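Encoded as structure tokens, the structure appears first; notes follow it.
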Protein chains: 2
Amino acid sequence: MNASVLRLGHRHSRDKRISTHVALTARAFGASRIVYDGRAVDVKESVDEITSSWGGDFKVEFTEGYRDFINSFEGLKVHLTMYGLPLDDVVADFGLEGDILVVVGGAKVPSDVFELVDYNVAVGNQPHSEVAALAVFLDRIFGGGELDRDFKGRMRIVPQNRGKKVLEG
Amino acid sequence: MNASVLRLGHRHSRDKRISTHVALTARAFGASRIVYDGRAVDVKESVDEITSSWGGDFKVEFTEGYRDFINSFEGLKVHLTMYGLPLDDVVADFGLEGDILVVVGGAKVPSDVFELVDYNVAVGNQPHSEVAALAVFLDRIFGGGELDRDFKGRMRIVPQNRGKKVLEG
């Protein structure tokens, strides 16, 4: 399964940190790219730097129109929202192959987004965080295997119970 | 299992939104309280409002000293860090009963935190987000059951595939 993330509602200065968390979460949990509705240029710079150090080929892209982007996407389209169907009731329907678009909003998502996708899915029907929702959603569709992936980066962590061990080069 | 979250490194204005996401994630994924190292008063106000509307008895508390707090906590102490042991290698050791303290940092975590806890655990050895790490960690220790929990709130969502249905009262 190849996952793209579409991040709606990025409003420059206020959202930079959350938008960066969304992107790094997409990358670490196995998505191949994130697409911002709007020009999140500084977010792209931060995330590209991480990818250059830590590996993989995660892409940060922009679109100027989420409607056209969602409509032209070929594959399964899922919007994460606290109002949707419980994740564990529908995740088995998604299958393990093909392309999936995961749409995550900020506070205000235009109402047509609910109509443009195939599924509106809730990672719990409680208010929390698009970062948390995206992480748990990707973890479910990739079955946890994404956490063991080798990113083949210039920098690599050697896991241990105390301290920090990083290999470079 | 009863989970408390300790959030380190909250620096007022810059971190308010991320700190709020951490707290709402702790609540939605089954923790019983979050403790801030520092006086995150405005975060507490936002989160208490959510709890008042959406239910449960999640608590937001403050401590002025993370060392004493961690030392005096009775139960299993786990720090989430990209440098730690892979989650899926250790989660089975944690058992299903008792109290657990989950320590999450921001960018800079004092080095003694690694020594004060029983386990340093990585939710993937890649840089991402403390919000994502906390969500997936809690989801693992609660086995996904936390997403079905009834918070018995004044406001409740009726899950559906299109639109928003909220019951109040």
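How crowded by other chains is A:160-166, given as the mean number of beta carbons from other chains within 10 Å of each beta carbon?
Counting other chains' Cβ atoms within 10 Å and averaging over A:160-166 gives 6.
Using modelled backbone amide H atoms (1.01 Å from N, in-plane), which distant-in-sequence or interchain residues come within less than 5 Å of residue A:121's amide H?
A:79, A:80, A:81, A:85
Shortest first and in nm with one decimal, please list how far the residue B:164 label point sits from its counterparts in the other copies (point 7 Å along Cα→Cβ).
Inter-copy label distances (nm, one decimal, shortest first): 4.0.
7 Å along Cα→Cβ for the label point: how many nanometres lie between residue A:99 and each equivalent label in the other copies, listed shortest first?
Copy-to-copy label distances at residue A:99, shortest first: 5.1 nm.
Let me know the volume per residue of the alpha-carbon convex hull for segment A:45-169, in Å³.
Cα-based convex hull of segment A:45-169, divided per residue, equals 153 Å³.
Over segment A:1-118, calculate the relative contact order: mean separation of alpha carbon pairs under 8 Å at least 6 apart, over the residue count, as a percent.
Details: 175 pairs, mean separation 42.2, N = 118.
Once divided by the residue count of segment A:1-118, the mean separation gives 36 percent.
Can you give the average number of partner chain beta-carbon atoms within 10 Å of each beta-carbon in peptide A:134-147, as a whole number? Provide the component values of the computation, followed by the final result.
Details: counts 4, 13, 11, 1, 2, 7, 3, 0, 0, 0, 4, 1, 2, 9.
So the per-residue partner count for this stretch is 4.
Going through the cross-link list A:108/B:77; A:108/B:108; B:44/B:77, which pairs have a Cα-Cα distance over 29 Å in this structure?
A:108/B:77; A:108/B:108
Using the Kirkwood radius over C-alpha pairs as Rh, can you work out the diffusion coefficient of the protein assembly as shown via Stokes-Einstein at 37 °C, viscosity 0.692 mPa s, in µm² per second?
Stokes-Einstein gives a translational diffusion coefficient of 163 µm²/s.
Copy-to-copy spacing for residue A:68, label 7 Å out on the Cα-to-C-beta vector, in nm, shortest first?
Ordered by distance, the counterparts are at 6.1 nm.
Among A:110, A:159, A:86, determine the one that fluctuates most according to a GNM of chain A built with springs between C-alpha atoms less than 10 Å apart.
Evaluated over chain A, the most mobile residue of the options is A:159.
For chains A and B related by rotation, which residue of A has the Cβ nearest the axis, and what is the rounded distance in Å?
A:131, 2
Tell me, what ³J(HN,Hα) does each residue in segment A:58-72 have, in order and in whole Hz, if you take phi through Karplus 6.51 cos²θ - 1.76 cosθ + 1.60 with θ = phi - 60° and put x for Gly and Pro?
Calculated HN-Hα couplings, in order: 4, 10, 10, 10, 10, 9, 9, x, 5, 4, 4, 4, 5, 4, 8 Hz.
Quick one: compute the contact order of segment B:53-154, relative version, from alpha carbon pairs under 8 angstrom and 6+ residues apart, as a percent.
39 percent
Which one of B:52, A:1, B:158 has its Cα pushed farthest toward the positive end of the charge dipole of the protein assembly as shown, where Lys and Arg give +1 and Asp and Glu give -1 at the Cβ?
B:52
Using only alpha carbon pairs under 8 Å that are at least six residues apart, calculate the relative contact order of segment B:73-131 and give it in whole percent.
Result for segment B:73-131 is 57 percent.
Please give the FRET efficiency for residue A:53 paired with residue B:53, using the beta carbon to beta carbon distance and R0 = 45 Å, rounded to the nearest 0.05.
0.60
Of the beta bridges DSSP finds with both residues in chain B, what % are antiparallel, to the nearest 5?
15 percent
A short reminder: the numbers here are calculations on the coordinates, not readings from a lab. Just so you know, these numbers come straight off a predicted model, no measurement behind them. All Cβ positions, glycine included, derive from the backbone under ideal geometry; neighbour counts span all protein chains shown.
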